[in-house]
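The values are calculated or read from the model by the stated rules, or taken from the named source; none is laboratory data. Just so we're clear, the structure is a prediction, and the values are computed from it rather than from any experiment. Every residue, glycine as well, gets a Cβ built from its backbone with ideal geometry; the counts of neighbours run over all protein chains shown.
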Amino acid sequence: MECRDLLEEYATWLRENTHCEEISPGYWRVITPHQTPGGDLITLHLFDRGTEFVLTDRGGTLNQLRSRGIDVLGPRASRPRREWVDMVLESYQAEIKRGELVFHAQRDNLGQAVTSFIDAIHELLSLELTAKLRTKRFFKEEVRSFLLESNVHFIQDYRVQGRRASHTIDFAVNTRKTPALIQAASTGSRAYSTILAKLTTHAFLDLYKAGVAHTSLSLIDDEEDVWTQEALAILETGSDHVIGWSKRDHLLEVLRGGGE
C-alpha cells in the first residue's frame, strides 16, 4: 500500500463516519467518529459568526469530568489539575467560557481547528484516566497543595523513630495539642488497599508503642471505590481519624481543633 492510499482510506473513513446536522441557519452539530475514554462519540457545535467560526462542546467535556468527581475549575480543584487545564488551553489556543470549551477559527483553517479542538478534548478527558491510575506521589501533591492553600503549616516527609523502625510520615502538622501526623493513602486496586492499610496502621502503632505523642490521621483517596470494609477497619484500628479526600474540609476541622 502506498502512503497516498493510506491517506485516502483515512479521509474516506473520516468522511463516512462524521455526521453533520444543520440545527438552524449558521449552526451545525457535528458528530465525529472520535471517542471519549468512556466510549462516547465526541460531538462538536459549529457556529458561523460571519467574521469567524466558533467551535464549542456545549459543556460536554467538563460535565463528563464532573460526573466522574473530577473538578478542574471549582474551589475544590487542585493546583496540579488547574495548571494542567491552563497548559492544554494555551497549547491549543482554546478557552473555557461559562463551562464550555470554545475555539475560534477562520474559514481557511477550519479543518485544522476541528482537529485541534478534538485533540484538546482528548487531553482534558485524559484527567479521567489519570484519576483512575493516580499514583501516591500525585495524590500527595494534591494534599500538599490543599494544605498550602488552606494556610496550614506542615513538614513533608517527616522522619520519626518508632519502637522498632524509623518511619517517614507524609505530613506533620503542629496543632494546639499533639502533633498531627498524616499519611496520604492512594491506590487504584481493591486488593492493594488492604496491604496499604496494614502498612499505614503498622507505622502508627509502632509510633504509639515508642511513646511518640501524636494524633494519627489516615487521609484516603476515595475518588475511586477501592477501599474495602476490611481495609477501612484496619485503618481505624491504628488511626485516630480516617478521612476521605472527598471530605477534606473535615481534615481542616480536626487540625484546627487541636488534632482531636
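Checking Arg134 against (1) surrounded by 16 or more Cβ atoms within 10 Å (Cβ to Cβ); (2) out of contact with any helix residue (DSSP H, G or I) (no Cβ under 8 Å at 6 or more places or on another chain); (3) farther than 20 Å from Leu232 by Cβ; (4) at pLDDT below 95: exactly one of these is not met. Which one?
Single failed check for Arg134: (3).
So in region 9-25, with the set limited to residues that are loosely packed, with under 12 Cβ neighbours inside 10 Å and aliphatic (A, V, I, L, M), which one is nearest to Thr61 (Cα to Cα)?
Ile23
Considering only residues that are farther than 17 Å from Ala172 by Cα, β-branched (Val, Ile, Thr) and touching a Lys or Arg at 6+ places or on another chain (Cβ under 8 Å), which ones fall in region 214-260?
Val226, Thr228, Ile234
Mind listing whichever residues of region 215-240 are under 20 Å from Tyr158 (Cβ atoms) and surrounded by fewer than 19 Cβ atoms within 10 Å (Cβ to Cβ)?
Selection gives Asp240 alone.
Thr12 passes all but one of (1) in a helix (DSSP H, G or I); (2) closer than 28 Å to Gly244 by Cα; which number fails?
Checking Thr12 against (1) in a helix (DSSP H, G or I); (2) closer than 28 Å to Gly244 by Cα, the one that fails is (2).
In region 204-213, which residue that is of a type outside the set (A, V, I, L, M) and either buried (at least 19 other Cβ atoms within 10 Å of the Cβ) or within 28 Å of the chain's Cα centre (by Cα) (or both) is nearest to Leu235 (Cα to Cα)?
Of the residues in region 204-213, the ones of a type outside the set (A, V, I, L, M) are 204, 206, 208-209, 211.
Now narrow it down to the ones that are either buried (at least 19 other Cβ atoms within 10 Å of the Cβ) or within 28 Å of the chain's Cα centre (by Cα) (or both): 204, 206.
Details: Phe204: 10, Asp206: 14 Å.
Applying the filter and picking the extreme gives Phe204.
Please go through region 179-201 and pick out each residue that is under 14 Å from Ser239 (Cα atoms) and of a type in the set (S, T, N, Q). Steps first, please.
So in region 179-201, the residues under 14 Å from Ser239 (Cα atoms) come out as 179-185, 196-201.
Correct list: Gln183, Thr200, Thr201.
Give me the strands (runs of 3 or more DSSP E) completely within region 26-122, filtered to those with at least 1 residues that are free of Cβ contacts under 8 Å to residues at least 24 places away in the same chain and surrounded by 15 or more Cβ atoms within 10 Å (Cβ to Cβ), ordered by residue number.
Output list reads 27-35, 41-48.
Name the residue, out of Ser145, Ser126, that is under 19 Å from the mean Cα position of the chain (by Cα), surrounded by fewer than 19 Cβ atoms within 10 Å (Cβ to Cβ) and modelled with pLDDT of 90 or more.
Ser145
Consider region 213-240. How many of its residues are at pLDDT 90 or above and in contact with a Gly (Cβ under 9 Å, 6 or more places away or on another chain)?
10
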